[in-house]
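First the structure, in the form of structure tokens, and then the observations on it.
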Amino acid sequence: MLRTGDVLQAWGKILRGERPTLSIEITRECPLRCPGCYAYDDEHLGGGVTLRELHDRRGQELIDGVLEIVDRYKPLHLSLVGGDPLVRYRELELLMPALVARGVFVQVVTSAFRPIPEAWADMDRLNVVVSIDGLQPEHDARRAPATYPRILNNISGQNVTVHCTVTGQMMKRCGYLREFLEFWTGRPEVARVWFSLFTPQVGDVLPEILTAEERRRAVEEMLLLRREFPKLEMPEEMIVQFRTPPASPEDCIFARTTETLSADLKTRITPCQFGGNPDCGACGCAASMGLAAIGAYRLGGVIPVGAIFRASVKIGQWRNGKGGGRPAPPVTAELRVLQ
Ligand code: SF4
Ligand code: SF4
């Protein structure tokens, strides 16, 4: 749930031309080989070099590198992804207390191929997100060695978020999302469940891509299921955004407020965490929809937050010297009402 203080802090950073959220691929390694994985796509880093070819860090060099970046960017929210970040669990065990002590909200996204460190179970400001791609037969086929039995063992005693990327294959079977929720929301280790929809690159032809009808049905089902399964922590305002994803990265609040770095801790991933040339019109990223829902919210029932956001980004860019020598943008009507 968004807190007013966090929103104001994030807004302040945008006005200063900074990005309030940071995502770091802390390792190039992953023991899994999931079909459709965007991180290992040849175009993920823009062509030329791939994630597997980057020089990544380990040990103290990785710990120091991540802390240096966090101290430089001062994000409010930090996502640690990979590869699989738990490949570097020893470094993460040392990093985590230092990160949360800085007041950053940290999210670790993993396949749970190995046990989640015990100390993380009740750590404040930490969210461990476990990616689970469907029911056991499909998941185990796609994501071995992080199979259902292994995940259940590795999250024991924890407090995790389950994240499932819904694919075209899942939507071809009636009641799939309900069965998934019945299994995972019944587990005491699972605090909440989030769904994303598979996001292709422009020009992809893959069985994972949802047809327009499957996408429509996924949205309808999520809207109904969230009432029945309170652990499906996705507000209605967010779910309906899947119907009209941002037209381009410029229209995507998530992409414009998140800095994403790869495993050498230098290479920027653009335009968003998917890298390459993502098909925004078919985007199914839950984070993007969450921020789009905030953008659609109308302050005082009149002014969309998105309009204030766009005006703030312009001001931030101008202050940061990215205004291309243009004069300062005028204080728009949207910002004037907030003065
Ligand atoms: S676990 Fe994640 S990073 Fe590893 S192959 Fe699967 S999707 Fe890619
Ligand atoms: S998160 Fe989705 S909408 Fe935003 S830039 Fe990436 S693909 Fe496009």
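The values are calculated or read from the model by the stated rules, or taken from the named source; none is laboratory data. Quantities reported herein were computed from a predicted structural model and do not represent experimental measurements. Ideal geometry is used to build each Cβ from the backbone, glycine not excepted, and the neighbour counts take in all protein chains shown.
Checking each residue in the range 16-31 for being surrounded by 20 or more Cβ atoms within 10 Å (Cβ to Cβ), within 16 Å of ligand 1 (Cβ to nearest atom) and not hydroxyl-bearing (Ser, Thr, Tyr) picks out Ile24, Glu25, Ile26, Arg28, Cys30. Pairing residues of the range 218-232 that are closer than 17 Å to Cys285 by Cα with residues that are surrounded by 14 or more Cβ atoms within 10 Å (Cβ to Cβ) and among the charged types (D, E, K, R), at Cβ distances under 7 Å and at least 6 apart in sequence or on separate chains, gives Leu232/Arg226.
The sole residue among Arg142, Arg150 that is buried (at least 17 other Cβ atoms within 10 Å of the Cβ), within 16 Å of ligand 1 (Cβ to nearest atom) and modelled with pLDDT under 95 is Arg142.
Checked against the criterion of being polar (S, T, N, Q) and either modelled with pLDDT of 95 or more or within 16 Å of ligand 1 (Cβ to nearest atom) (or both), the candidates Thr258, Thr244 yield just one match: Thr244.
Under the condition of being more than 6 Å from ligand 2 (Cβ to nearest atom) and under 17 Å from Ala218 (Cα atoms), which residue from the range 272-286 is nearest to the chain's Cα centre (by Cα)? Don't jump to the end; show me each part of the working.
Within the range 272-286, the first condition is being more than 6 Å from ligand 2 (Cβ to nearest atom), and the residues that meet it are 273, 275-277, 279, 281-282, 284, 286.
After this cut, where a residue has to be under 17 Å from Ala218 (Cα atoms) as well, the list is 281-282, 284, 286.
Working: Gly281: 17, Ala282: 16, Gly284: 11, Ala286: 7 Å.
It comes out as Ala286.
Cβ separations smaller than 7 Å between residues 6+ apart or across chains give no pair from the range 11-32 residues that are under 19 Å from Ala307 (Cβ atoms) and of a type in the set (Asp, Glu) to residues that are part of a loop (DSSP other than H, G, I, E, B) and at pLDDT 95 or above. Suppose the filter is away from ligand 1 (no atom under 13 Å from the Cβ), exposed (fewer than 14 other Cβ atoms within 10 Å of the Cβ), within 25 Å of Leu197 (Cβ to Cβ) and of a type outside the set (Phe, Trp, Tyr); does Arg173 pass it? It is true that Arg173 is away from ligand 1 (no atom under 13 Å from the Cβ), exposed (fewer than 14 other Cβ atoms within 10 Å of the Cβ), within 25 Å of Leu197 (Cβ to Cβ) and of a type outside the set (Phe, Trp, Tyr). Among the conditions (1) more than 18 Å from Trp194 (Cβ to Cβ); (2) within 14 Å of ligand 1 (Cβ to nearest atom); (3) assigned to a loop (DSSP other than H, G, I, E, B), Arg52 misses just one, which is (3).
Results for (1) of a type in the set (D, E, K, R); (2) buried (at least 19 other Cβ atoms within 10 Å of the Cβ); (3) out of contact with any Leu (no Cβ under 8 Å at 6 or more places or on another chain); (4) closer than 17 Å to Ser262 by Cα, shown as yes or no for each residue.
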position: Ile14; (1), (2), (3), (4): no, yes, yes, no
position: Arg33; (1), (2), (3), (4): yes, no, yes, no
position: His77; (1), (2), (3), (4): no, yes, no, yes
position: Glu93; (1), (2), (3), (4): yes, no, yes, no
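Among the residues of the range 254-284, just one is without any contact (Cβ under 8 Å) to a residue 60 or more places away in the chain, in contact with a helix residue (DSSP H, G or I) (Cβ under 7 Å, 6 or more places away or on another chain) and farther than 30 Å from Leu62 by Cβ, namely Cys280.
Checked against (1) over 18 Å from the mean Cα position of the chain (by Cα); (2) within 30 Å of Leu152 (Cβ to Cβ), Pro85 passes all but a single condition, namely (1).
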